[in-house]
Structure formats: structure tokens, C-alpha cells
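Report on the structure given below.
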Amino acid sequence: MLPSECVLYAGASLNKKVKYSAAAIVVFAAAIYINNTNHLAAHREGKPVLLAHRGIAQRFDERELKNDTCTAARMLPSSHEHLENTISSMRAGFAAGADVVELDVHPTTDGEFAVFHDWTLDCRTDGSGVTREHSMAYLKKLDIGHGYTADGGKTFPFRGKGIGLMPTLDEVLATFPQARLLINVKSRDPSEGEKLAAVLNKLPAERRAQIMVYGGDEPVEIVRQRASDIRTISRGAIKRCLLGYIGYGWSGIVPGACRNAMLLVPVNAAPWLWGWPDRFLNRMKSANSEVFVLGPYRGGEFSTGIDSPEQFARLPQNYSGGIWTNEIEAIAPLVRR
């Protein structure tokens, strides 16, 4: 074979390889598209599931918030009489259209779980110190409306009105025996997970199916192990789930951290999820998980909810997954409409 013929042969062979490689890439890309396009996914009918964060609560200035910010001291002008994490705020949340109500818990020194948001008592109440370092008997004597002010401390509209209103978890479970609840564990103490799992395991299986738990990695992992039929999520699990799904969810494989979970997805991150919304929702449902969309995440320690018509409009048309909101009274009418 002449040198020129060798060159032509080699060129033809290379062209064939390039064509085969290009064809393989096209086929692979087409397979990924078909496996993940939302256009070919079955749409799950029904209205969104609404989750009312802290029931109906007094709103506050959300700018530059951190986990230890005293939000009661930056309350916005009040439009209602409810204080967060109380029986009345939860009842009002359900009445306004919530399907799920979120509440915060702390173990007490006398074996109860107090339903209260803050790690310490100093911001909202007339007590002081770390919440979990007190007995429930002591916490019941406090005024949980003591610290609320919308004018920099000139007036305190709820002072004296919240005495004895801090409920126990047992009281919440007894008051709402059939309602869906999301329990927030505020610590990273594994023993708190053991105590909470013990409480939940005393409930009938059909009641446990209506309860979800989220919070610190360590206690939530204990609940996940000890009460395995309860959907859970933690900050670490959310990160593992979403990063894993973005990385290889195109294959249809659901990461382990996404299974039997309560998933929180910022609305600005949702479009990056393979098959969003319907195929993603269907995959999570098949993994016994439920998805709730949050407001946009912009870094930092605080996440917003879907709290305004503008944020609600960012959801896909006919979206039927979960919605996390701090403004159930504003969002529920939009869903019903």
C-alpha cells in the first residue's frame, strides 16, 4: 500500500470512529432526555399539600437573620392574636387551609417535650436560660408573649397574654389526634432522638404515618433508626439527597438519603433536579418520600417559605407537591383558586 493510500485509509477509519462516537453520544443524550423529560411523565393530580410553619405566627423582619436572632424583638405590626407553637396557632393554621403544621420541641428536665421555638427563653418569655434545662412545670408558668414588640420596645402588645400557653408535645398529639404534624428537633443531641423515638413508637402505626421529623443530624438519624416508618430529614441528609440526585438522578436511581424522607427543596434549586416537577415527584413518591418547596435559598442560616403571590407564581403550573409557607392565610386561597 502506498503512503498516500495509508493516509486515506487511516483518515477513513478515524472518520468512522468519530461518527460512531458522535452517534453514541447522541443516543446517550436522547436516552437521558427521554428518561428525565417532564413532558413524558405522568402528572400527579390534586392540589398542593400546604405546610404551615409554626402554625399561624406573628411575622417579623426577615432581613439578615441568623439562628440566634431574637425575632420577637423585630415583630411586624400584628394582624392577628396568635402566638407561634401554641394550640390556638395550630388550630388556626389548620382552619386556614394547612394540611400539615410544623412545631418545635425541646426535652425538659421532667421528661416532657416542650413545644417552643427558641433555644433559650430570654427572647420571647419572662424566663431566662436554656429551654431544655428547665422543667415543664416551670415552663408552664412563663408568659410566652412577654418579649414581642413591633416598635423597638415601646409597647409589648402580647405581654401578659401568653401565660401558660406553652404546650407539651403530648398535649398537641392529644388535641390533634388525626392531624399531620412536622416535628422540629432543635438540638444535635442523639439522646433527644432516642427520647422522641420512644414517644412516637408508643403511637399506633396509622398515627405515626401522619408525623414527620426534621432537625439536627444526630437526633434525626436516631429517629430514622428507631422509628423507621416515620419520614425524616436533616440538614446533612438534604445536602446528600439533592447533590446525589443532581449528580446521578438522571439514571432514575434515587439516593439513599432521599428515601423515606421529608424533602425540602428551595424553589430556585428545583429546576436543577432531573425531571422536575412531575417525574421528580413521582420518583420521590416511589421512594416513600414527600417533597415540600421552600422559598429561594440565598445562603446563610435562614430559609424563607413560599409566602407571597410572587413566590407562589414561581411554582410550575398545576404543581401538586408540598409547599412550605409562613403565610398560610395568604397562600391557601391561591391554591384553592
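General observations
- On inspection, Leu281 fails the criterion of being within 21 Å of Gly97 (Cβ to Cβ), among the hydrophobic types (A, V, I, L, M, F, W, C) and open to solvent by 10 Å² or more (accessible area, probe 1.4 Å).
- Among the candidates Tyr248, Tyr297, residue that is outside any helix (DSSP H, G or I) and among the aromatic types (Phe, Trp, Tyr): Tyr297
- Residue within region 98-121 that is closer than 28 Å to Gly153 by Cβ, free of Cβ contacts under 8 Å to residues at least 12 places away in the same chain and of a type outside the set (A, V, I, L, M, F, W, C) present: yes
- The listed residue being within 15 Å of the chain's Cα centre (by Cα), open to solvent by less than 20 Å² (accessible area, probe 1.4 Å) and among the small types (Gly, Ala, Ser), out of Gly236, Gly275: Gly236
- Any hit, region 50-67, residues being modelled with pLDDT of 80 or more and under 30 Å from Gly252 (Cβ atoms): yes
- Any hit, region 306-322, residues being aromatic (Phe, Trp, Tyr) and within 15 Å of the chain's Cα centre (by Cα): no
- Neighbours by Cβ (under 8 Å, 6+ apart or cross-chain): first from region 325-337, without any contact (Cβ under 8 Å) to a residue 60 or more places away in the chain; second among the hydroxyl-bearing types (Ser, Thr, Tyr) and open to solvent by 20 Å² or more (accessible area, probe 1.4 Å): Ala330/Ser308
- If the condition is being part of a loop (DSSP other than H, G, I, E, B), over 21 Å from Leu263 (Cβ atoms) and either at pLDDT below 95 or open to solvent by 40 Å² or more (accessible area, probe 1.4 Å) (or both), then region 190-216 contributes Lys202, Pro204.
The values are calculated or read from the model by the stated rules, or taken from the named source; none is laboratory data. Model, not experiment: these values are computed from the prediction. Every residue, glycine among them, receives a Cβ derived from its backbone with ideal geometry; neighbour counts consider all protein chains shown. Each accessible area value is taken on the protein alone, full model and side chains, heavy atoms only, with ligands, DNA and RNA left out. Shrake-Rupley method; radii C 1.70, N 1.55, O 1.52, S 1.80 Å.
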